[in-house]
Amino acid sequence: MAVMESQMVPLGSPAPGFDLPDVVSGRNVSLHDFTGRPLLVVFMSNHCPYARHIERKLAEVANAYAGRGVATVWISSNDVENYPADAPEKLAEQARRVGARFPYLYDASQEVAKAYKAVCTPDLFLYDAEHKLFYRGRFDATRPEKGTPGGEDLIRALDALLAGQDPPEPQHPSMGCNIKWKPGNEPDYFS
């Protein structure tokens, strides 16, 4: 497992489009399904200790903020041939295990992860209602075997967004397992 930090894409960047299958419902979900709503996009994994560390609390926060108008999608872009714990049926089990009430999408081509410049799991991107990047970075300061997740960084960003305030500063990179790229499919933004 290679531990990496997120790229910290510039604030105000537009959300790249996506149209991916939901591992639970089987239907495709696209960025256009969330037009006019704030959207939290999280690149996740079922096997990464960093993602597993926050998965329940992250789902709890996402479910709570859905009631305040914020949509959430989780996306897995990992190579399932070499990491079968991230196969769609295993992701569906993860979604049920953590009580996710939002789509969990599978990015088989890994093109969506590349478009977002996602690096690790978890990698969080919060967009405003116009789908301009408002927050990117960590869920909170905890790490596996070090602290109980509370989601303070993300919650601070969500509350600022909903209150019409400026993006919170500082924003710290997320940290986690690198996305498991298919051989030869590694993105060029690492160079």
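The values are calculated or read from the model by the stated rules, or taken from the named source; none is laboratory data. Everything numeric in this text was worked out from a predicted model, so none of it was measured. Cβ sites come from the backbone with ideal geometry, for glycine too, and all protein chains shown count toward neighbours. In case anyone asks, the SASA skips ligands and DNA or RNA and just uses the protein heavy atoms, side chains included. Shrake-Rupley method; radii C 1.70, N 1.55, O 1.52, S 1.80 Å.
So who's got an amide H within less than 5 Å of the one on S13, skipping anything under 5 residues away but keeping other chains? H placed 1.01 Å off N, in plane.
L133
Determine the relative contact order of region 63-168: mean sequence separation of Cα pairs under 8 Å and six or more apart, normalised by residue count, in whole percent.
18 percent.
How much of the accessible area of region 1-85, in percent, comes from carbon and sulfur atoms when a 1.4 Å probe is used?
Taking all protein chains in place, region 1-85 shows 50 percent carbon and sulfur surface.
If one computes P(r) from the Cα atoms of region 1-139, what percent of pairs lie at distances over 25 Å?
Distances greater than 25 Å cover 16 percent of the Cα pairs.
With a 1.4 Å probe and all protein chains in place, put W181, W74 in order of accessible area, largest first.
Highest to lowest solvent-accessible surface, that is W181, W74.
What nm value, rounded to one decimal, do you get for the distance between E93 and M8 when each label is placed 7 Å out toward the C-beta?
3.8 nm
Once you list every other residue whose beta carbon is under 14 Å from the beta carbon of N82, what net charge do they have if Lys and Arg are +1 and Asp and Glu are -1?
Residues near N82 contribute -1 overall.
Given R₀ = 30 Å, what would the calculated FRET efficiency be for E81 paired with S30, taking r from the Cβ atoms and rounding to 0.05?
0.70
What is the percent of Cα-Cα separations in region 66-112 that go past 11 Å?
Taking all Cα-Cα pairs of region 66-112, the fraction more than 11 Å apart is 68 percent.
Determine the order of D128, D33 by accessible area, beginning with the largest, at a probe radius of 1.4 Å.
From most accessible down to least: D33, D128.
Please report, as a whole percent, how much of the solvent-accessible surface of region 104-191 comes from carbon and sulfur atoms (probe radius 1.4 Å).
That share works out to 49 percent.
Per residue of region 47-62, in order, report the coupling 6.51 cos²θ - 1.76 cosθ + 1.60 (Karplus, θ = phi - 60°) as ³J(HN,Hα) in whole Hz, putting x for Gly and Pro.
10, 5, x, 5, 5, 4, 4, 9, 4, 5, 5, 4, 5, 4, 5, 4
Under 16 Å from a label point 7 Å along Cα→Cβ of D166: give me every residue in region 1-42 with its amide N that close.
Output list for this probe position: 11-12.
For the chain, what does the relative contact order come out to in percent, with C-alpha contacts under 8 Å and a separation of six or more?
32 percent
Can you show me the helix-derived [θ] at 222 nm for the chain, built from DSSP H runs with n ≥ 4 at -39,500 (n - 2.57) apiece and divided by the number of residues, rounded to the nearest 500.
Computed mean residue ellipticity for the chain: -7500 deg cm²/dmol.
Zone of A129 (label point 7 Å along Cα→Cβ, backbone N under 13 Å): which residues in region 148-175?
What the label zone holds, given the 13 Å backbone N cut-off, is 161-165.
Could you pull out every Cys in the chain that lacks a partner Cys with its beta carbon under 4.7 Å away?
Isolated Cys, the chain: C120.
With the radius of gyration and the Kirkwood radius both derived from the Cα set of region 57-191, what is their ratio Rg to Rh?
For region 57-191, the value is 0.95.
So what J values fall out for region 78-89 if you push phi through Karplus, 6.51 cos²θ - 1.76 cosθ + 1.60 with θ = phi - 60°, rounded to Hz, Gly and Pro as x?
Each residue of region 78-89 in turn: 5, 5, 7, 5, 9, 9, x, 5, 9, 5, x, 5 Hz.
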